[in-house]
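See structure below.
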Amino acid sequence: MALTAQPVLAQDRQDAPSLEDLIPDSAVDNPEEWARDGVTAEAAEQEDAPLPLDPDAPLAEMPQITIPWPEQVDLPQLAPLEPEEPIEFATFEEQIPPIPAGSEERISEELVLVFPSDTSLFPERDEFLDRFKALSTIEQLDDEGNLARLRVQARNDEALLQQMLRVYGYYDAQIIRSVGEVDEGIEVDLQDPAARFDIIPGVRYRFGAVDLGNLSAAGDDFAALRSVFEIYPGDPVSLDAIETEQADLDTALGESGFAFAAIEEPALLIDHDRVEGDLTMPVEPGGKYNLGVVTSDLPDFLSGEHLTRIARWESGDLYRRSDEMDLRRAILATGLVGSVTLTPVVVEEPVGDQPGLLNMAASLEPAPLRSLAAGIGIGTETGIRINGSWEHRNFFPSEGLLRVRGTIGTQEQLLGVTVRKNNFTGRDRILTLDAYASTIDYDAYDARTISAVGTFERISTLLFQKQLSWSVGLELVATQESELDSEGNALERETYFVAALPLFAQLDNSDDLLNPTEGWRVSANLSPEISDNDGVQSFYVRSQADASYYQSIGENNVLAGRVRVASIPGAQIAGIAPSRRIYAGGGGSVRGYGYREIGPRNDEGNPIGGRSVVELSAEARIGTSFMDGAISVVPFVDAGSVGEGAVPSFDSIKFGAGVGVRYATGFGPLRLDVAFPVNPGPNDNWIAVYVALGQAF
C-alpha cells in the first residue's frame, strides 16, 4: 500500500487573507514591537484567520502514519566506548629530516656536490667523485650563463647520481637538487647560475643469498672456483664487484679445463625490508677437457701441423682459454690472415673424473700476401736515400717469405734478396737467409761488398715481447774497401774475405718494447771472426755489451739511462776491415754528432774507426698535457769515446746534449731529437736532427 502525506489542515484558497490583512500598518511602523506582541486580537477574531501555534502543543492525530515516535521506542543501551590513546601527529621534520652538515666538493664554477661530513657514512667518496666527473653532463657540456640548459643538465646529473649510488649499494639514497644558488645567503645569479646536489647516501645494502646455479657440478674444482667468486652473504652490495667477480669466475673456468662453461647474466633482487639484495647468477661449467691438435681449413696455405707447432701446448695438456687466445694472436701475427676463428671440437667426451679430448679447428681468411713498398729520405748523415722492396709473405708455405729490396742513394746503393721462414721448427723461431751486394761511400771509408748471412733467432716482436731473446748466425763477406790518405785521396782498395759467427742474447725486464717506463735490459753481442787480406789472416772477436735502466717518477715522467761497452781484441786495427771496426755517433749513439763521426781520425780529420768504445746516455722523458698527453719533452745528454786499443778509454770523449719531442702513437712513440755537440771537432756540424720510431734506447 502506498504511503502518501495528507494535509493536516485544509485551507480555502478562495478566502485566503491578503498581505495587508496579515501585515497591519502598525507592523510596518514598528516591526520589532509587532513581532514581540504577536498577532493582534483583531486579527485573531477575523474569520478564517490562522490561529497562533503553541510550540508545546501536541500534534493532531495522523492515523495514516504508523511509525512510532522516538520517545515511544524502548532502545537498548549502547556499551560505553573504550578510551582512545591520544593521537600523535608526525612533524614535517620527522618525515623529511633536515640535511645534515656536509662537506662540500666544488667540482667547477657550475657544479657542487655535498657529502656527509662523516666519511664513514660514504667511504667511497673519492672514487665516486672521479667517476662522476667523467660522466657529468654539466661538466661535459659547458655553456656558461644558460640557466635553462643548466636545469636540464642538473636533472640528468641527478639521475646519474642516483644510478651511481645504486652501483655502490645505496638504494635508499636521497639527492636534493638546487639550481641557481649554491652558497647559503647568496642571491641567485641568473647570469652565472650553478647546480648543487646534497647527497644523503643512507644505509648501504648488503648481499643476502648468493646463488651460482650449477657450479657445484665442477666436482673437485668447485671449492677453488667458488673461492674465486669473492662475494658472500653479508658483503656490501656493489655492482662493480659483481661484474669483476663474474669475469674472474669466467677466467677461472676457462683456465681449469672447462672449455664450454657458460655464465648467464647476474640478477640482483633488492629487498627494502631486509635492506639486502639476493644475487642469482646461473653457472653451467660443462665438462672438463684436454687439448689435442690444431686443424686447418686451408691446409695448403697454413697447415694444421704448422699451427700445432706454434701453439703453446702439448697434446694432452689441460685446456686453457689463454692458450686458445694466444694461438689466435700468433696466427694473426703471421700477417698471412685477415681473420681467424678457433672452434673447440670434441673428440672424446669426459668419463667420470677423466677429462675429455678436443681439437682446435682453425677457420682462416687469407690476407693479401704481396706488397710493394717505397720510401725516400734525406739526412745529413746518409745523404739522399730511395728504398724499395717487393715481398711475398707465403712464397714457401707455411710462412716462407721472399723479399727483394734495393737502395739508391748518394752514399749507398744496395740490391738484396731475403728468404725468411717464420715459426721454423717451433714457436717464434725465425730462420733468415740474406744475400746482398752494396757500395758504400762514407767519410770513414768506401766499400764494395758482397755478403751472405744466415741467422736462426728468437727475438721480441711488437705483439710478443720476450724476456729472453737470442740469435746465432753465419756471415760470409767479400769486400773491397778503401780509406783516404792525409790529402783526402782514396788509397788503393784492399780486399777482405771475412767469415763470422755472430751470437746475440738479451734479457729484457722492461714493461714495453718501444716505450719502456720501468725495468731494465741487458744484451751482449759476440762475433768471432777470421779475416783474410792479401793472404794475411787475422783472428779477432767483435764484442759489445749494452745495459739500460728505466724508472718512473710520478705519473708521466721517466728517467732513463744507458751504457755501452765494446771491444775487438785479437788483431791490430790494420788487420780489420774498416767496415768491421767500431764507430760512434748518431741517433742511436752519441747524439749531436754525425753517423760514425766519433773516433780516431787521419790527418784529414776523417774517422778511421777503432777497436773499443764506451758510451753513456741519460734522459728525462717528461709528460705534458698537450694533445691529451700524447706529447712529451725529453732533455738528454750523451757521451762517448772510441779508442784504437782493445781496452776502452776516455782519452777523447765527446759530449752531446739536446732536447727531443715524443708523440705517442698507437704502436710506439715517434721521436724527434735536436742535439748539439758540446765539444765539437773541426769537422763536426753545430747541430744534428734525428727522426725515428721508438725511444733512443
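The values are calculated or read from the model by the stated rules, or taken from the named source; none is laboratory data. Predicted, not measured: the structure shown is a model, and the values here were computed from it. Ideal geometry is used to build each Cβ from the backbone, glycine not excepted, and the neighbour counts take in all protein chains shown.
Can you run down the residue pairs with Cβ atoms below 6 Å, 6 or more apart or on separate chains, where the first is in segment 144-164 and on the phi < 0 side of the Ramachandran plot and the partner is of a type in the set (Lys, Arg)?
154/177; 158/177
Scan segment 529-585 for residues that are within 22 Å of residue 654 (Cα to Cα) and touching a helix residue (DSSP H, G or I) at 6+ places or on another chain (Cβ under 9 Å) and report the count.
Matching residues across segment 529-585 total 2.
Do we find a residue being farther than 30 Å from residue 329 by Cα and either part of a loop (DSSP other than H, G, I, E, B) or in contact with a helix residue (DSSP H, G or I) (Cβ under 8 Å, 6 or more places away or on another chain) (or both) anywhere in segment 458-475?
No: segment 458-475 contains no residue that is farther than 30 Å from residue 329 by Cα and either part of a loop (DSSP other than H, G, I, E, B) or in contact with a helix residue (DSSP H, G or I) (Cβ under 8 Å, 6 or more places away or on another chain) (or both).
Could you tell me whether residue 295 is β-branched (Val, Ile, Thr), out of contact with any Gly (no Cβ under 9 Å at 6 or more places or on another chain) and under 21 Å from residue 365 (Cα atoms)?
For residue 295, the condition - β-branched (Val, Ile, Thr), out of contact with any Gly (no Cβ under 9 Å at 6 or more places or on another chain) and under 21 Å from residue 365 (Cα atoms) - is not met.
Which members of segment 291-303 meet the condition of being closer than 30 Å to residue 216 by Cβ and more than 33 Å from the chain's Cα centre (by Cα)?
Once the filter is applied, which keeps residues that are closer than 30 Å to residue 216 by Cβ and more than 33 Å from the chain's Cα centre (by Cα), segment 291-303 yields only 292.
Go over the candidates 378, 430 one by one and state the one that is under 30 Å from residue 594 (Cβ atoms), hydrophobic (A, V, I, L, M, F, W, C) and outside the structural domain of residue 330 (by TED's automatic domain parsing).
378
Of the residues in segment 275-302, how many are out of contact with any Lys or Arg (no Cβ under 9 Å at 6 or more places or on another chain), touching a residue at least 40 places away in the same chain (Cβ under 8 Å) and either more than 17 Å from residue 340 (Cβ to Cβ) or surrounded by fewer than 20 Cβ atoms within 10 Å (Cβ to Cβ) (or both)?
Qualifying residue count, segment 275-302: 19.
Here's a check for you: in segment 275-318, which residue that is assigned to a loop (DSSP other than H, G, I, E, B) and in contact with a Phe, Trp or Tyr (Cβ under 9 Å, 6 or more places away or on another chain) is nearest to residue 243 (Cα to Cα)?
281
Taking residue 668 as the residue in question, decide whether it is closer than 30 Å to residue 608 by Cβ and surrounded by 15 or more Cβ atoms within 10 Å (Cβ to Cβ).
Taking the combined requirement at face value, the residue does not satisfy it.
For residues in segment 628-647 being under 24 Å from the mean Cα position of the chain (by Cα) and of a type in the set (Gly, Ala, Ser), which is nearest to residue 599 (Cα to Cα)?
Here the answer is 632.
Out of 586, 658, 623, 605, I need the residue that is closer than 16 Å to residue 558 by Cβ and touching a Gly at 6+ places or on another chain (Cβ under 8 Å). Which one?
Result of the check over 586, 658, 623, 605: 623.
Assess whether residue 362 counts as being assigned by TED's automatic domain parsing to the domain that holds residue 294, surrounded by 18 or more Cβ atoms within 10 Å (Cβ to Cβ) and among the small types (Gly, Ala, Ser).
Taking the combined requirement at face value, the residue satisfies it.
Pairs under 6 Å by beta carbon, first residue among the aromatic types (Phe, Trp, Tyr) in segment 405-426, partner part of a strand (DSSP E or B) and at pLDDT 95 or above, six or more apart or different chains?
Going by the 6 Å Cβ cut-off, the qualifying pairs are 424/431.
What's the total number of residues in segment 676-687 that are in contact with an Asp or Glu (Cβ under 8 Å, 6 or more places away or on another chain) and closer than 15 Å to residue 659 by Cβ?
1
Can you name every residue in segment 268-324 that is among the β-branched types (Val, Ile, Thr) and over 30 Å from residue 205 (Cα atoms)?
Scanning segment 268-324 gives 293, 294, 295, 308, 310.
Could you list, in sequence order, all residues of segment 430-450 that are under 18 Å from residue 402 (Cβ atoms), crowded, with 18+ Cβ neighbours inside 10 Å and not β-branched (Val, Ile, Thr)?
Within segment 430-450, 434 is the sole residue that qualifies.
Tell me which residues, restricted to segment 242-274, are without any contact (Cβ under 8 Å) to a residue 40 or more places away in the chain, among the small types (Gly, Ala, Ser) and crowded, with 18+ Cβ neighbours inside 10 Å.
Answer for segment 242-274, where residues must be without any contact (Cβ under 8 Å) to a residue 40 or more places away in the chain, among the small types (Gly, Ala, Ser) and crowded, with 18+ Cβ neighbours inside 10 Å: 252, 261.
Among the candidates 482, 538, which residue alone is assigned by TED's automatic domain parsing to the domain that holds residue 589 and more than 30 Å from residue 670 (Cβ to Cβ)?
Going through 482, 538 in turn, just one is assigned by TED's automatic domain parsing to the domain that holds residue 589 and more than 30 Å from residue 670 (Cβ to Cβ): 538.
For segment 667-697, give me each residue that is in a strand (DSSP E or B) and aliphatic (A, V, I, L, M).
Answer for segment 667-697, where residues must be in a strand (DSSP E or B) and aliphatic (A, V, I, L, M): 670, 672, 674, 675, 688, 689, 691, 692, 693.
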